[in-house]
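Below is one structure, written out as structure tokens; the observations come after it.
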Amino acid sequence: MTQSKPNRPLQVLQLTDPHLMADPHGELLGVNTRDSLDAVIAQVQVDGREPDLILATGDLAQDSSAEAYQVLTDRLAQFACPALWLPGNHDDAVVLGHAAGAVGGQKQLVMGGWQFLLLDSSVPGHVHGELSDRELAFLERALARSPELPTMIALHHHPVDVGSRWMDNIGLRNRDAFWAIVDRFPQVRVVLWGHIHQPLDQQRGDVRLLASPSTCIQFAAGSADFAVADLAPGYRWFELHPDGALATDVVRAENFEFSIDLDSTGY
């Protein structure tokens, strides 16, 4: 079991929705997704961040290609820590699993006094999310076995409405089943996701609900229909204490120069 560095809380980096492609010139609405990921990683390094763990929370590839996942592998190799991967709706879970390997493909990790549980909410051929009976059983079993460990649950699809009609239609469909399990276990401190390409910070009882900017394009908050925002890509950072206390912030790569197609009606 990997331990955090002594005398400081566990440092966790979330990178989400890079939408990488086999084509090195591949763009999403005018933004080269490799360049934008590079800019975010450079920002992490400029900020002096030294993660103990990286969570890559889905839509890691736009085209589900092995080449795109290799790009992510190469980029994450800049950090001397493990990275856990989970699939989003643009990913091929099988191809991603091969790329992630034994370490990156772990669904459960105990580190720095915390438990991390990663769920696959992807539904092949669909944009919305759903947790299979197998995923729900894994979640319940893992929580029941470690009631003493503060826990972060990560998945790709949002399990609550986020105030954007088009996004709320493609969130987690069986969220009631998810919350029926989570609500029984007070050790759950955080539910974290990607998919919505924007930061969100809410509270549900004692559970912190968090979403984060994409490392490529950003969706406009509160939009009824598909819309993007002229905002820089970014990352989320956590400091996690063994007693369950946490601090988190979002940082954007403001120096990244890009031109986004604000008139797009989809991607």
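The values are calculated or read from the model by the stated rules, or taken from the named source; none is laboratory data. Owing to the predicted nature of the structure, the values given are computational and were not obtained by experimental measurement. Ideal geometry is used to build each Cβ from the backbone, glycine not excepted, and the neighbour counts take in all protein chains shown.
Odds and ends about this structure:
- Neighbours by Cβ (under 6 Å, 6+ apart or cross-chain): first from the stretch 134-152, of a type in the set (V, I, T); second buried (at least 18 other Cβ atoms within 10 Å of the Cβ): T151/Q115; T151/V188
- Residue count for the stretch 42-75, restricted to those that are in a loop (DSSP other than H, G, I, E, B), crowded, with 21+ Cβ neighbours inside 10 Å and not hydrophobic (A, V, I, L, M, F, W, C): 5.
- Annotation note: of I217, I181, I170, the sole residue that is within 28 Å of V44 (Cα to Cα) and either at pLDDT 95 or above or among the acidic types (D, E) (or both) is I217.
- Selection count, the stretch 223-260, where residues are touching a helix residue (DSSP H, G or I) at 6+ places or on another chain (Cβ under 8 Å), polar (S, T, N, Q) and crowded, with 17+ Cβ neighbours inside 10 Å: 0
- Residue in the stretch 247-267 that is modelled with the highest pLDDT, counting only those that are acidic (D, E) and part of a loop (DSSP other than H, G, I, E, B): E254
- Scanning the stretch 137-154 for residues that are of a type in the set (A, V, I, L, M, F, W, C) and more than 19 Å from I170 (Cα to Cα) yields A137, F138, L139, A142, L143, A144, L149, M152, I153.
- Residue match in the stretch 32-41 (condition: out of contact with any strand residue (DSSP E or B) (no Cβ under 7 Å at 6 or more places or on another chain), among the basic types (K, R), free of Cβ contacts under 8 Å to residues at least 40 places away in the same chain and not in a loop (DSSP other than H, G, I, E, B)): no
- Members of the stretch 203-222 that are closer than 18 Å to M152 by Cα and surrounded by fewer than 21 Cβ atoms within 10 Å (Cβ to Cβ): Q203, R204, G205, D206, V207, R208, L209
- Condition met for D201 (part of a strand (DSSP E or B) and acidic (D, E)): yes
- The stretch 123-170 - residue that is closer than 14 Å to G58 by Cα and surrounded by 23 or more Cβ atoms within 10 Å (Cβ to Cβ) and, of those, farthest from the chain's Cα centre (by Cα): G129
- Reported count of residues in the stretch 82-134, each being within 22 Å of I170 (Cβ to Cβ), part of a loop (DSSP other than H, G, I, E, B) and touching a Ser or Thr at 6+ places or on another chain (Cβ under 8 Å), is 9.
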